[in-house]
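Everything on this sheet refers to the single structure shown next.
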Amino acid sequence: MTEMMGWGDNASWPDGDLSARPLGEMEAMASRSEPQAVGAQVWETLRELGSGRMRQNDLAAATRLRWARLALLAATRKAEAATGDAQAALTDAVYLRAAMIRTFGTGPTGGDRDPADLVRTVLHTIGRSPAEVASAAVGWRPASPADMLGLRRIKNLLTGLKGLDAYLDQADPLREEMAVWLSLIPRLP
């Protein structure tokens with residue numbers, strides 16, 4: 001893992017290799033650090049580390065879930081530390097939450113493993129109707145770079161939701177709405 005030096009006076013992050021630090025120490029540091037004091041690169045390093053350890057089957061499920069939550073916190077803090085696009089920042093969180101649902105099952109309503117909450121969050125972030133996105137997708141080739149990027153980000157958000165319909169109640173109207181949205185993926189750049 002890359003060495004991280006000078007993590008900001010406010011954060012008091014230790015110098016050196018994060019992968020050698022205890023999980024509890026990283027959780028404590030991440031939860032009390034100001035996003036801007038630490039910087040986006042440190043949060044990205046924590047997100048990568050947490051995401052990787054979440055997938056280590058030799059760890060206990062409870063430990064892997066803690067790593068997943070650290071990765072999710074880091075992705076959120078990275079977005080807060082950066083001045084970038086909200087949709088681009090949300091994509092990491094969408095993929096992490098979807099992986100948590102697939103790996104650990106669903107969780108409490110409104111929690112990080114609630115598939116309906118995740119789908120609603122993505123659709124709210126898109127902020128357009130499926131018809132509007134479908135219309136924009138028809139002529140994306142001559143579109144401006146900014147418009148193409150917007151459509152690409154929508155595709156990235158939607159792709160993270162693939163397979164989550166299995167975790168939604170059969171009678172939930174959100175399941176059908178999600179199917180309409182997912183059908184747009186092949187048409188997006």
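The values are calculated or read from the model by the stated rules, or taken from the named source; none is laboratory data. Everything numeric here is computed off the predicted structure, so don't read it as measured data. Counting neighbours? That spans all protein chains shown, and the Cβs are built from the backbone with ideal geometry, glycine included.
Can you spot a residue in the range 115-131 that is more than 28 Å from Ala61 (Cβ to Cβ), of a type in the set (S, T, N, Q) and at pLDDT below 95? Full working, then the answer.
Step one: of the range 115-131, the residues more than 28 Å from Ala61 (Cβ to Cβ) are 123-131.
Still in the list and also of a type in the set (S, T, N, Q): 125, 129.
Keeping just the survivors that are at pLDDT below 95 gives 125.
Yes, the conditions are met somewhere in the range 115-131.
Quick one: in the range 146-189, which of the residues that are in contact with a helix residue (DSSP H, G or I) (Cβ under 8 Å, 6 or more places away or on another chain) and basic (Lys, Arg) is nearest to Ile101 (Cα to Cα)?
Top of the filtered list is Lys162.
Are there any pairs with C-beta distances below 6 angstrom linking a residue in the range 152-170 that is over 18 Å from Ser129 (Cα atoms) to a residue that is part of a loop (DSSP other than H, G, I, E, B), with the two at least 6 apart or on different chains, and if so which?
The qualifying pairs are Tyr167/Thr106.
Cβ-Cβ distance below 7 Å, separation of 6 or more or different chains: which pairs start in the range 20-46 with a residue that is on the phi > 0 side of the Ramachandran plot and in the same structural domain as Ala75 (by TED's automatic domain parsing) and end on one that is surrounded by fewer than 20 Cβ atoms within 10 Å (Cβ to Cβ) and not aliphatic (A, V, I, L, M)?
Gly39/Gly8
When the residues of the range 171-189 are filtered to those that are aliphatic (A, V, I, L, M) and not in a helix (DSSP H, G or I), which remaining residue is nearest to Pro130 (Cα to Cα)?
Initially, the range 171-189 is screened for residues aliphatic (A, V, I, L, M), giving 171, 174, 178-180, 182, 184-185, 188.
Still in the running and not in a helix (DSSP H, G or I): 171, 184, 188.
Values: Ala171: 21, Leu184: 8, Leu188: 12 Å.
Once the filter is applied, the top-ranked residue is Leu184.
I'm told Thr106 meets every condition in (1) modelled with pLDDT of 95 or more; (2) under 24 Å from Gly150 (Cα atoms) except one. Can you identify the failing condition by its number?
All conditions pass for Thr106, except number (2).
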